Structure formats: structure tokens, C-alpha cells
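The values are calculated or read from the model by the stated rules, or taken from the named source; none is laboratory data. All values derive from a computational prediction rather than experimental measurement. Neighbour counts run over all protein chains shown; Cβ positions are idealised from the backbone, glycine included.
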Amino acid sequence: MKFNELNINSLSNKNTAATVPDGVNALKNDIPLANSINWTWTSPVYDGGAAIDYYYVRHFLSSDLETQLGIQVSLSLSYNATGLDPLTSYTIKVRAHNNEGNGATVTDAATTII
């Protein structure tokens, strides 16, 4: 085969397999109230090459990260924890999911006010 007959597309169009997504970005809480905290985030920079199909969100007492107080599985980029006790610290854990699995877990904490 002569050099000019080489199929250039076979060299440059390699298919790469999808992977799990990166962690979510900019996880933050709004100003906490006495009985609720609202958290927001943005989509991962890299979705792993596959669409994000949901965000898995859990919240806990910061002093007990074993017992989930709330859970949400959706495409929403926010989570509102309600029914909380005043002057108590809560932690949220968020991860993106695509058809390859779960991305890295991102964590934030906030304390309710009086």
C-alpha cells in the first residue's frame, strides 16, 4: 500500500469507552434557616462520555454520617432539607450517575440557625 492510500480516519477516530462522571461542581448551601437548608450544585465538568441520568443525594446529621435523614434521586440541581432542628449541623453528599455508574461523592455541611 502506498502512503497516500492510508485511511487517515482509522487513525484519528478511535472510539473511547464511556466512564463514570466526575463529581458535581460548586456544591454550596444557601443561608440556612432554623428548620431547613437548601443546597445547589452544577453538573460535572465531564459527564464520562454518557449523559447524566440522575443525581443521588443524601443528607445526615453531621455527628452521625451512618444514618440517612433524607434521600433524593432526580435530575434536579438542588436539594432542600426540611424539618431540621435549630442550631444543628447537617451534611449532604451528592454524586452524579450515568450508565457506567456513580461519579465521585461531593460533600458539604451547614448549620441551621435559631
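Please specify each residue of the range 68-114 satisfying the condition of being surrounded by fewer than 18 Cβ atoms within 10 Å (Cβ to Cβ) and either touching a helix residue (DSSP H, G or I) at 6+ places or on another chain (Cβ under 9 Å) or more than 29 Å from G48 (Cα to Cα) (or both).
Of everything in the range 68-114, those that are surrounded by fewer than 18 Cβ atoms within 10 Å (Cβ to Cβ) and either touching a helix residue (DSSP H, G or I) at 6+ places or on another chain (Cβ under 9 Å) or more than 29 Å from G48 (Cα to Cα) (or both) turn out to be L69, T82, G83, D85, P86, L87, T88, S89, T111, I113, I114.
Are any residues in the range 74-86 part of a loop (DSSP other than H, G, I, E, B), within 18 Å of the chain's Cα centre (by Cα) and farther than 14 Å from N29 by Cβ, and if so, which ones?
Residues of the range 74-86 part of a loop (DSSP other than H, G, I, E, B): 75-77, 83-86.
If we keep only those that are within 18 Å of the chain's Cα centre (by Cα) as well, we get 75-77.
Scanning the range 74-86 gives L75, S76.
Run T42 past the list (1) free of Cβ contacts under 8 Å to residues at least 24 places away in the same chain; (2) in contact with a strand residue (DSSP E or B) (Cβ under 6 Å, 6 or more places away or on another chain); (3) surrounded by fewer than 13 Cβ atoms within 10 Å (Cβ to Cβ) and report the number of the one that doesn't hold.
T42 satisfies every listed condition except (1).
Can T107 be described as under 17 Å from the mean Cα position of the chain (by Cα), at pLDDT 95 or above and part of a strand (DSSP E or B)?
Yes.
Can you tell me which residue in the range 54-73 is farthest from I113 (Cα to Cα), limited to those that are touching a strand residue (DSSP E or B) at 6+ places or on another chain (Cβ under 6 Å) and either among the polar types (S, T, N, Q) or not in a strand (DSSP E or B) (or both)?
Q72
Among the residues of the range 87-103 satisfying the criterion of being in a strand (DSSP E or B), in contact (Cβ under 8 Å) with a residue 40 or more places away in the chain and not aromatic (F, W, Y), which is farthest from E66 (Cα to Cα)? Please lay out each step first, then the result.
As a first pass, look at the range 87-103 and keep what is in a strand (DSSP E or B): 89-98, 101-102.
Next cut, in contact (Cβ under 8 Å) with a residue 40 or more places away in the chain only: 90, 92, 94-98, 101-102.
When the remaining residues are screened for being not aromatic (F, W, Y), the result is 92, 94-98, 101-102.
Numbers: I92: 12, V94: 15, R95: 17, A96: 20, H97: 21, N98: 25, G101: 22, N102: 19 Å.
Filtering the range 87-103 for residues that are in a strand (DSSP E or B), in contact (Cβ under 8 Å) with a residue 40 or more places away in the chain and not aromatic (F, W, Y), the one farthest from E66 (Cα to Cα) comes out as N98.
Scan the range 62-114 for residues that are in contact with a His (Cβ under 7 Å, 6 or more places away or on another chain) and over 24 Å from P21 (Cα atoms) and report the count.
Residues that pass the stated criteria total 3.
Count, please, the residues in the range 45-59 that happen to be surrounded by 16 or more Cβ atoms within 10 Å (Cβ to Cβ) and either within 10 Å of the chain's Cα centre (by Cα) or small (G, A, S) (or both).
Going through the range 45-59 one residue at a time, the tally reaches 6.
Scan (1) at pLDDT below 95; (2) under 16 Å from T105 (Cβ atoms) for the single condition S43 breaks and write down its number.
(1)
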